[in-house]
Amino acid sequence: MKRLYEWIDGRFNISPLIAEGQRSINFALPSTYTRQNKSKIFWLTYPYYYVGSIVAFLAILQGITGLLLAFNYVPSAVGDPGTPTEAYLSVENIMKFVPLGALIRGIHQWGANLLVAALAIHAFWAFFRSPYRVGRELSWLLGAVSLGLALAYSFSGYLLPWDQLGYWAATISVQIMRSIPVVGDLIAQLLLGGTTLSPVTLVRMYYYHVSLLPVVAIILVGAHILLVLLQGVSEPEEVWKPRKAGQRQAGPLFGLFLPQQIIPVLILSLVTLGIVLLLGAFAVQVPGDPANKFLTPQFIAPEWYFLWAYGLLKWVGWLYEVVHFVPPATVFGIDLLSAKVVGILIAAAMFLVLVLMPVIDRGDEVRALRRPLKTAVGVWAIGLLSTLTLYALNEILSSYLSIPIGSMNLALGSIVVIVPVVVAAPFFVILRRHAVKGSTKEA
Amino acid sequence: MTEKAAGKPKSRRRIDRRQFVQTLVSLGIAGTVLSFLSLLMSLLPSAGAGGEEGEVDNVFKYGPEKGAWYSDRSGTDVKLEDFDQVGKGAGVLWRGKYSAIVIRVDESKLRGATATSGLVAFAAFCTHLCCISTWHLDRPNEDVLFCRCHDGAFDPYNIIKDTMLNGTEYLGAQVIAGPPPRAAPIIPIEIQDGKVAGVAKDLGLYDYCG
């Protein structure tokens, strides 16, 4: 083993890199399991630091299962509307006849769901902890773009079985893309090969899903993780103090990578694997009816993590109706004020704010409890996303609870307006009092 | 030449031969890369081998909606005699390409247009995000073209003049609920041997969704 390493080192001269890597990696994640503090529950102390490693683990799992699925999938959607296409049949084949096919597809499906969930926790936690100060803006930017990549992955993957749900979720998304002012149609044509879904679209989606996105993701996520290794994570709030760019602290919080840091990573990965295996084995979703462009299925909904956007579009339409606002057909030659364009612009603005956080928020303070406004805005955003998700389910809730759709919309629509504010306001009031007290104490 | 240049004051910026070549090579590489961007044009949809459209049947065919009264007739010609009472309507296919809705209306209540033998037809795409609207399937008690995707509703009794994004004026069913930005275009119909046929001249209107 040693001779092999020496042989490679003699040719690639990797030992300086390895040495630097070993030095850096010990700052990767905080761990209280150190000589100074021998707490045995170290990985419960800073659990959120390890959410990123769950995302990384799931991403690898997605790569492996995706590779296996690709051997049996046929990306062809040629055929009459409503009849099974080759793509549909090949997914059915994977589910029924390919040895362990259903399990692999189940893992891939649930892995994607859990990955997005873990990513959302990772992102929100980062939002509250403001780790994007000078020197780490790039990590934040790469992370935000990777979040977009994950959604692009799921969007392209959802369409591949070419069933009703995937087809109509994609149709709506394509039409949303088309209504981006001015350049919408061009973008749709470049990305999808047309302004409606066709067999060409499926092939392109497949190409993005298995070829283009993996390459981009490996580069961006690789850079994201490399930056964490080179710079270390931003320190937990307890040891936080303002400091200059690039400086890091070799404090008691960081144990050695091996074994103090890697053990919680391994434990969490195994637990995640267990959950994914269980869900994949027992709760795999089979494809619905084959795609039919002449028939929209009754309860149509995108994947759960797109529901808020779906709800947003519905909600803006409802709001217009309530205030009796009829948008003009065109403003500057585009339907700028129509509910869908307004919905798109709101969603785009939210993502832009996320990406630009390092520019918007440049103060010194990182502690969430000392940032009343920002923390309250974060809580409000979580409330808004949750209530919009609820609003997206108005039809289903209405028929399930047998409440007329009008009153259901009124109830849910008001919840969207009121609840996030009601939840966020106390945070603001209490934290501001707390912050004022804290600063007088420090002074 | 060089002597003359050397005689000039030092403050004037001079470009030596190395810099000149460097600039030229950089520009050349940048130009090549930029010109390769034009290859992205290949991503645009091509005309394809679709070929000339032959004679297309204008007669509506019953659509594939499940649980509707016409479900067992899916794909067959739409007949006038099937619409025996006011309020009866059906999701239909038109020219093998478009979804439409045919409704028997109470002619005394219809405003803004006239019915043909009591029938009117609309393009079934929702002008919001192009889902297919339905008649009496999701909202059995409301006389609206209803879109399942974002709860859009169009009133078939209120025909108004509306404008497409490209400026084309047309007649359509007014939006009465939800996010659709414009009316659902009407399809002029004709009764041919008891069958219902759509006879629009300008099909561009119905290509709204793609």
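No lab work stands behind these numbers, since they all come straight from the coordinates. Quick caveat: nothing in here was measured; it's all calculated off a predicted structure. A quick note on method: Cβ atoms are made from the backbone with ideal geometry, for glycine too, and the neighbour counts reach across all protein chains shown.
Averaged over B:131-137, how many beta carbons belonging to a partner chain fall within 10 Å of each residue's beta carbon?
Numbers: counts 8, 8, 1, 3, 0, 0, 1.
Other-chain Cβ atoms within 10 Å of each residue's Cβ, averaged: 3.
With N residues in the protein assembly as shown, what two-decimal value do you get for its Cα radius of gyration over 2.2 N^0.38 Å? Intermediate values should be presented prior to the final figure.
Numbers: Rg = 30.1 Å, N = 653, 2.2 N^0.38 = 25.8 Å.
Taking N as the residue count of the protein assembly as shown, the ratio is 1.16.
Could you work out how much longer the chain between A:A283 and A:A223 gets when fully extended? Use 0.36 nm per residue separation minus the Cα distance between them, nm to one decimal. Each step should come with its number before you reach the end.
Values: separation 60, 0.36 × 60 = 21.60 nm, distance 3.46 nm.
In short, 18.1 nm is gained.
What's the average, rounded to a whole number, of partner chain beta-carbon atoms within 10 Å of each residue's beta-carbon in B:145-153? Let's see the in-between values first.
Details: counts 0, 0, 1, 7, 13, 16, 10, 3, 1.
Average neighbour count from other chains, rounded to a whole number: 6.
Explain nothing, just compute: Karplus ³J(HN,Hα) = 6.51 cos²θ - 1.76 cosθ + 1.60, θ = phi - 60°, for every residue of the range B:188-195 in order, whole Hz, x for Gly and Pro.
x, 10, 9, 9, 10, 6, x, 9
What residue among A:L352, A:S414, A:V341 has its Cα farthest toward the positive end of the dipole of chain A, where the charges are +1 on Lys, Arg and -1 on Asp, Glu, each on the Cβ?
A:L352
What is the packing order of peptides A:71-83, B:129-141, taking the mean over residues of other C-beta atoms within 10 Å and listing the highest first? Walk me through the intermediate numbers first.
Values: A:71-83: 15.2, B:129-141: 20.3.
Averaged packing, sorted descending, gives the order B:129-141, A:71-83.
Kindly provide the helix-only [θ] at 222 nm of chain A, computed as the sum of -39,500 (n - 2.57) over DSSP H runs of four or more divided by all residues, to the nearest 500 deg cm²/dmol?
Numbers: 18 runs with 285 residues, N = 443.
Result for chain A: -21500 deg cm²/dmol, rounded to the nearest 500.
Only helical DSSP H runs with n ≥ 4 go in: add -39500 (n - 2.57) per run for chain B, normalise by residue count and round the 222 nm mean residue ellipticity to 500 deg cm²/dmol.
Values: 2 runs with 26 residues, N = 210.
Computed ellipticity for chain B at 222 nm equals -4000 deg cm²/dmol.
When Cβ neighbours within 10 Å are restricted to other protein chains, what is their mean count per residue of peptide A:290-299? The partial results should precede the final answer.
Values: counts 0, 0, 3, 6, 15, 10, 13, 5, 7, 2.
Whole-number average of other-chain Cβ neighbours for A:290-299 is 6.
Starting at 0 and stepping by 10 Å, how many percent of the alpha carbon pairs of the range B:61-207 end up in each bin?
With 10 Å bins starting at 0, P(r) equals 12, 47, 36, 5, 0.
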